[in-house]
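First comes the structure, then the notes that go with it.
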């Protein structure tokens, strides 16, 4: 099977921690994911959450680990080109699902994503990347910004909540043998960082390292509903590694499915999505 991505894109991913990839998802996949999100909203999983406190205000919603509830999500996981692209970026012989995730920000919503990196949010460790796929065209001033090179900082940060005010889920210190810091105030110190931002057309996506810091740089309020689909995937050898108490809710889910600290990311909850040809 021939490669999808150029060596230049792979080099940029490794150097910068995030890369724009143009036009790899045709309209079929965009419509498939939008249909899946619509079904999920009508009948959400127990993990569905509204991050906006005011029930009368335009909302900011998400759900995750819902890939096996709706055929649209499962179709995308197994039949779209995303897993092969993840394999090429991570130089992986095998790609396994870590977590699927979608976000809906309603028109007029003042809520947004705090700056964070995904590696600290859940009990996973290894070589992993994240697909960020908007389901509408995106102006870079209204999208996510990635901090160039932040995947190489060799730091872990306490999880920051997506709820209004973006509270931290604990204090800095040593947790389960690793040092965690409080995320720096990116918005108040923008000149200290180099940001990656892009305009995206339908079918464009961003892949980023799971350690790359990213969040909403602009305080702009969307005029239309915005749908974002994200998916975390792992190279062979990735595993479960317990982090802080903030991950207890998600930990309980995979423990109920028979997983424990140190287990490989494989099996029922973390299925194999792609295997590279041996020839």
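The table below gives the values:
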quantity: Among the candidates 255, 236, residue that is in contact with a strand residue (DSSP E or B) (Cβ under 6 Å, 6 or more places away or on another chain) and modelled with pLDDT of 90 or more; calculated: 236
quantity: Residue in region 30-53 that is in contact (Cβ under 8 Å) with a residue 12 or more places away in the chain and assigned to a strand (DSSP E or B) present; calculated: yes
quantity: Given (1) within 24 Å of residue 236 (Cβ to Cβ); (2) in a helix (DSSP H, G or I), index of the condition residue 72 fails; calculated: (1)
quantity: Residue match in region 212-234 (condition: within 18 Å of residue 113 (Cα to Cα), part of a loop (DSSP other than H, G, I, E, B) and touching a helix residue (DSSP H, G or I) at 6+ places or on another chain (Cβ under 7 Å)); calculated: yes
quantity: Residues of region 115-135 classified as surrounded by fewer than 24 Cβ atoms within 10 Å (Cβ to Cβ), touching a helix residue (DSSP H, G or I) at 6+ places or on another chain (Cβ under 9 Å) and either free of Cβ contacts under 8 Å to residues at least 40 places away in the same chain or in a loop (DSSP other than H, G, I, E, B) (or both), total; calculated: 6
quantity: Options 251, 243: the member that is assigned to a helix (DSSP H, G or I) and either closer than 25 Å to residue 95 by Cβ or in contact with a helix residue (DSSP H, G or I) (Cβ under 8 Å, 6 or more places away or on another chain) (or both); calculated: 251
quantity: Residue within region 179-194 that is under 17 Å from the mean Cα position of the chain (by Cα), farther than 24 Å from residue 57 by Cα and in a loop (DSSP other than H, G, I, E, B) present; calculated: no
quantity: Breaking point among (1) at positive phi; (2) under 20 Å from the mean Cα position of the chain (by Cα), for residue 225; calculated: (1)
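The values are calculated or read from the model by the stated rules, or taken from the named source; none is laboratory data. Remember, predicted model here, so these are calculated numbers, not experimental data. For neighbour counting, all protein chains shown are included, and Cβ atoms are generated from backbone atoms with ideal geometry for every residue, glycine included.
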